[in-house]
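Visitor: The structure's right below; bear with me while I get my questions together.
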Amino acid sequence: MTDSTPSFPTGTILGYPRIGRRRELKHAVEAAWAGRIGLDELERIAADLRRTTRERLVQLGLGRDDSSIPESFSFYDQVLDAAVTVAAVPTRFADVVAADGSIDLTGYFALARGRAEDAPLEMTKWFDSNYHYLVPEIGAATDFHLASDRLVREVEEARADGFVTRPTIVGPVTFLLLSKAADGEAEGFRPLDRLADLLPVYVELLERLAAVGAQWVQLDEPGLVADGFDATDAEITAAVTQAYELLGAVAARPSLFVTTPYGEPGAALGALAASPVEALHLDLVRGSVPADLDDDTRRALATKTLVAGVIDGHNVWRGDLAAAFAAASSLRELSEHVSVSTSTSLLHVPHDTADEPVLDARLLSWLAFADQKVEQVAVLARGFVQGRDAIAAELDAASAALADKLDAPGVRVSAVRERQAALSPIDRERGDEDERVSSQSAALGLPSLPTTTIGSFPQTADIRRARSCLLRGELSHDEYVALMRAEIGRVVELQEEIGLDVIVHGEPERNDMVQYFAENLDGFAVTTNGWVQSYGSRCTRPSILWGDVSRPAPITVDWSTYAQSLTPKPVKGMLTGPVTILAWSFVRDDQPLGETADQVALALRDEIADLEAAGIGVIQVDEPALRELLPLRERNRPSYLDWSVGAFRLAASGVVPATQIHTHLCYSEFGTVIDAIRGLDADVTSIEAARSRMEIVDDIAANGFDHGIGPGVYDIHSPRVPSVAEVVELIDRAVAAVPEKLLWINPDCGLKTRGYDETVASLRNVVEATRQVRARL
Ligand code: GLN
Ligand code: ZN
């Protein structure tokens, strides 16, 4: 590093939760959308929140004026922020760019949420997290320019309060990798092809940031840690070189800090090392200290500040602080400038364990939410400055918590362990496919193209009210059960009247498809304020899987059997699968995920056995998150698919051949996980298809998929009611591609977020369309 380079702070975090400790931003943004407050008021609340955050971070041990506090605020999403900053707007939104080239908050929200005639940007999962980002659409003619100086203003705003903070933005290579080609672009066009046109906007932004006193800027490049983008490693590496040579050459700029959270940058590390970037982040939680570095890379890294991402931003455990310190220290072999940080932004974890009034104190002592993680970073940073002895007490306390966890009751339960140890491959085998098909068809007597739904019916205000009354003690348990039963009765009657073939109970009793099971299984805890942003203003409250999992008592059996008592048609039992339960919870990290998944699977296996014994002949085990946990690097995928598919099969294989197992997946990229879907060996798989106009059936046909399949014929993501003719067309497409005896007719997903009017109208059309197609078969 040259003398003019300001030194990088010894301790920092890559980002902080933005939604607010009391979800202030969520409430304010939603109030603005509903017109209850103006955008000025929203801006004021957001500025307050940023101020509170900066002050809080100083309180927790970050420096006020050393660039250790990241400016990581967002009104909705960091990828949308970058898109608006560089004016990457699709043509249907061209009018959100004002005459002077700027895009205001109204335009920003329009891109996120759509407008009457214009669909919003598509949303998809952010790396291997449960956060969703908006996918920019870029074409050959996208007119990149600096359209928002919001980040610059935030740095100024901080400065006015006496802070020198570090602006953060998605880096140019990742931004383009995450973008998709706009509609109507020539075959073969890729957003990455526009890198040279995009970079000048980043240059201008760097100059503006330097002008307001930013000493460091953080460019997030997680795109470098994942496979599967539409570019080769060599192309990505070349893009990194091109981008950072150019940005590095800007005369008046802040120092550059490039991060690669969620994994290992692989081939791109050499390019980053060779570039003029001053500081590089390495995720040492998901990745490791690079071992076999070539001499050039080694020499180049020695000139950088290496920022060790050792505090897990992705999970809530207090973790092994001594090991984190050792891992960070080991980077000193590569460079004498080493700092400590989180592995990812803290946006994936809740704010503060102090906000959990009912969690068990012992469990709490094992946890670290965002604020505790900032404190951990501060401790490690102090250790770097003052030596390990200075933080020995903190390291020991963390080690003691780990040791305490090891033998706390519930963490290792011998009955659970013994049952796991006794498992054999046959426990994951359903048995002969032909026998299953014939005995199920005899038992169920369904027409061809059987119709069903994915499980939930609309969660009405009455249902939610009943649940909150129960929580507040204003409704007794029996009263609540009576209300839910009445709801089930209505839903069953409605389905019979509409003419659906396989009936569901509607899931009114579930607050959430994972939390509901977590609340009813041993080994889980549920938080009071543990909100994390899922997308935009939407937050979820993941459960914490801390101990060995087992099922103290049946969970869904009463609800399903009650529904079955009301109708002669088969009722489908409804469970959430082991992989999805793990994916949407914070999971213990002291044993392989596969072992934890098997414990959940065994609990579900017990539930399935009880459902079967109670006369439920069709049981659906939802695995919408199967693809989400897929490792970012291809080389890690086989072992993941092995344990995830194995856990599903363990849950589902305890039944007799006549019991029909369904599964449901919430996405339409069938091709990428076809082997896994086949591996699940479910008798029937329902999957999203309506949104992509049944494109998926070609993949299904090409793969020779030979189990039951229900490609969705009704897009439940919008209130639009599909016409009979539209549904007929989709069913015809499916019938043309896939053997008719395999086909089921169902919506894309559950109906819980829909209103009743559109649901009933849509389901009627689905049933009528099915009748028309059947009549022709
Ligand atoms: N059975 C669940 C429901 O219908 C499935 C939800 C999901 O796939 N996300 O709501
Ligand atoms: Zn779904």
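Visitor: Is segment 744-756 home to any residue that is at negative phi and more than 16 Å from ligand 1 (Cβ to nearest atom)? It would help to see each step written out before you state the result.
Guide: First, the residues of segment 744-756 that are at negative phi: 744-756.
Cutting the leftovers down to more than 16 Å from ligand 1 (Cβ to nearest atom) gives us none.
No, that holds for no residue.
Visitor: Taking the options Ala273, Ala302, name whichever one is over 30 Å from Arg18 (Cα atoms) and in contact with a Lys or Arg (Cβ under 8 Å, 6 or more places away or on another chain).
Guide: Details: Ala302 fails: in contact with a Lys or Arg (Cβ under 8 Å, 6 or more places away or on another chain).
The conditions single out Ala273.
Visitor: Just to be sure before I move on: is Val285 over 14 Å from Leu219 (Cα atoms) and modelled with pLDDT of 95 or more in the structure I sent? Reasoning before the result, please.
Guide: Details: over 14 Å from Leu219 (Cα atoms): yes; modelled with pLDDT of 95 or more: yes.
When the stated conditions are applied, Val285 passes them.
Visitor: Then there is this: Tell me which of these Thr91 doesn't satisfy, since it passes every other one: (1) surrounded by 15 or more Cβ atoms within 10 Å (Cβ to Cβ); (2) in contact (Cβ under 8 Å) with a residue 60 or more places away in the chain.
Guide: (1)
Visitor: Continuing with the same structure: Could you please give the count of residues in segment 616-653 that are within 16 Å of ligand 2 (Cβ to nearest atom) and more than 30 Å from Glu264 (Cβ to Cβ)?
Guide: Looking only at segment 616-653, we keep the residues that are within 16 Å of ligand 2 (Cβ to nearest atom), and these are 620-629, 648.
This time we only want the ones that are more than 30 Å from Glu264 (Cβ to Cβ), so: 620-622.
Qualifying residue count, segment 616-653: 3.
Visitor: Something else: Here is a check on your reading of the model: is Asp389 over 30 Å from Arg774 (Cα atoms) and surrounded by fewer than 20 Cβ atoms within 10 Å (Cβ to Cβ)?
Guide: Working: over 30 Å from Arg774 (Cα atoms): yes; surrounded by fewer than 20 Cβ atoms within 10 Å (Cβ to Cβ): yes.
Yes.
Visitor: Now for a different question. Would you call Thr353 of a type in the set (Ser, Thr, Tyr) and either over 30 Å from the mean Cα position of the chain (by Cα) or within 18 Å of Thr12 (Cβ to Cβ) (or both)?
Guide: Details: of a type in the set (Ser, Thr, Tyr): yes; either over 30 Å from the mean Cα position of the chain (by Cα) or within 18 Å of Thr12 (Cβ to Cβ) (or both): no.
No; evaluated as a whole, the condition is false for this residue.
Visitor: Based on what the data block shows, is Leu449 touching a strand residue (DSSP E or B) at 6+ places or on another chain (Cβ under 8 Å) and on the phi > 0 side of the Ramachandran plot?
Guide: Numbers: touching a strand residue (DSSP E or B) at 6+ places or on another chain (Cβ under 8 Å): yes; on the phi > 0 side of the Ramachandran plot: yes.
Yes, satisfied.
Residue-wise test of (1) part of a helix (DSSP H, G or I); (2) not assigned by TED's automatic domain parsing to the domain that holds Val377.
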position	(1), (2)
Pro200	yes, yes
Glu207	yes, yes
Gly213	no, yes
Gln218	no, yes
Ala238	yes, yes
Ala243	yes, yes
Leu269	yes, yes
Val285	no, no
Ser288	no, no
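Visitor: Another question about this same structure. Counting just the residues of segment 654-676 that are at pLDDT below 95 and surrounded by 24 or more Cβ atoms within 10 Å (Cβ to Cβ), which one comes out nearest to ligand 2 (Cβ to nearest atom)? Before you say what the answer is, go through the steps one by one.
Guide: If we filter segment 654-676 for residues that are at pLDDT below 95, which is where we start, we get 665-676.
This time we only want the ones that are surrounded by 24 or more Cβ atoms within 10 Å (Cβ to Cβ), so: 665, 670.
On the way: Leu665: 7, Phe670: 14 Å.
Taking the candidates together, the pick is Leu665.
Visitor: Kindly establish whether Leu751 is modelled with pLDDT of 95 or more, in the same structural domain as His505 (by TED's automatic domain parsing) and within 16 Å of ligand 2 (Cβ to nearest atom).
Guide: Details: modelled with pLDDT of 95 or more: yes; in the same structural domain as His505 (by TED's automatic domain parsing): yes; within 16 Å of ligand 2 (Cβ to nearest atom): yes.
Yes, satisfied.
Visitor: Looking at Gln599, is it surrounded by 20 or more Cβ atoms within 10 Å (Cβ to Cβ), polar (S, T, N, Q) and away from ligand 2 (no atom under 16 Å from the Cβ)? Explain how you work it out, then say what you get.
Guide: Numbers: surrounded by 20 or more Cβ atoms within 10 Å (Cβ to Cβ): yes; polar (S, T, N, Q): yes; away from ligand 2 (no atom under 16 Å from the Cβ): yes.
Taking the combined requirement at face value, the residue satisfies it.
Visitor: Okay, next question. Counting only residues that are within 15 Å of ligand 1 (Cβ to nearest atom), give me the helices (runs of 4 or more DSSP H) lying completely in segment 433-530 with at least 3 of them.
Guide: Details: elements: 433-444, 461-471, 477-498, 515-520.
Output list reads 477-498, 515-520.
Visitor: Just wondering, is there one or more residues in segment 555-565 that are acidic (Asp, Glu) and either farther than 29 Å from Val492 by Cβ or in a loop (DSSP other than H, G, I, E, B) (or both)?
Guide: First, pick out the residues of segment 555-565 that are acidic (Asp, Glu): 558.
Next cut, either farther than 29 Å from Val492 by Cβ or in a loop (DSSP other than H, G, I, E, B) (or both) only: none.
No: zero hits.
Visitor: With Gln495, Gln459, Gln440 as the choices, which residue is within 16 Å of ligand 2 (Cβ to nearest atom) and within 24 Å of Pro747 (Cα to Cα)?
Guide: Details: Gln495 fails: within 16 Å of ligand 2 (Cβ to nearest atom); Gln440 fails: within 16 Å of ligand 2 (Cβ to nearest atom).
Criteria check complete, one pass: Gln459.
Visitor: Could you say whether any residue in segment 469-492 is crowded, with 21+ Cβ neighbours inside 10 Å, among the polar types (S, T, N, Q) and modelled with pLDDT of 95 or more?
Guide: No.
Visitor: Could you tell me whether any residue of segment 502-520 is over 19 Å from Lys752 (Cβ atoms) and in contact with a Leu (Cβ under 9 Å, 6 or more places away or on another chain)? Before the answer, list the steps.
Guide: Going residue by residue through segment 502-520, those that are over 19 Å from Lys752 (Cβ atoms) are none.
For segment 502-520, residues over 19 Å from Lys752 (Cβ atoms) and in contact with a Leu (Cβ under 9 Å, 6 or more places away or on another chain): absent.
Visitor: Please pick out the residue among Asp706, Asp757, Asp732 that is surrounded by fewer than 22 Cβ atoms within 10 Å (Cβ to Cβ) and either at pLDDT below 95 or within 16 Å of ligand 2 (Cβ to nearest atom) (or both). Let's see the steps before the verdict.
Guide: Working: Asp757 fails: either at pLDDT below 95 or within 16 Å of ligand 2 (Cβ to nearest atom) (or both); Asp732 fails: either at pLDDT below 95 or within 16 Å of ligand 2 (Cβ to nearest atom) (or both).
Step by step, each of Asp706, Asp757, Asp732 is checked, and only Asp706 is surrounded by fewer than 22 Cβ atoms within 10 Å (Cβ to Cβ) and either at pLDDT below 95 or within 16 Å of ligand 2 (Cβ to nearest atom) (or both).
Visitor: Further question on the same structure: For segment 314-395, list the helices (runs of 4 or more DSSP H) that sit wholly inside it and hold at least 2 residues that are hydroxyl-bearing (Ser, Thr, Tyr); which are they?
Guide: Working: elements: 321-330, 361-364, 370-386.
Ranges flagged: 321-330.
The values are calculated or read from the model by the stated rules, or taken from the named source; none is laboratory data. What you see is a predicted model; the values in this text were computed from it and never measured. FYI the Cβ positions are ideal-geometry reconstructions off the backbone, even for glycines, and counts take in every protein chain you see.
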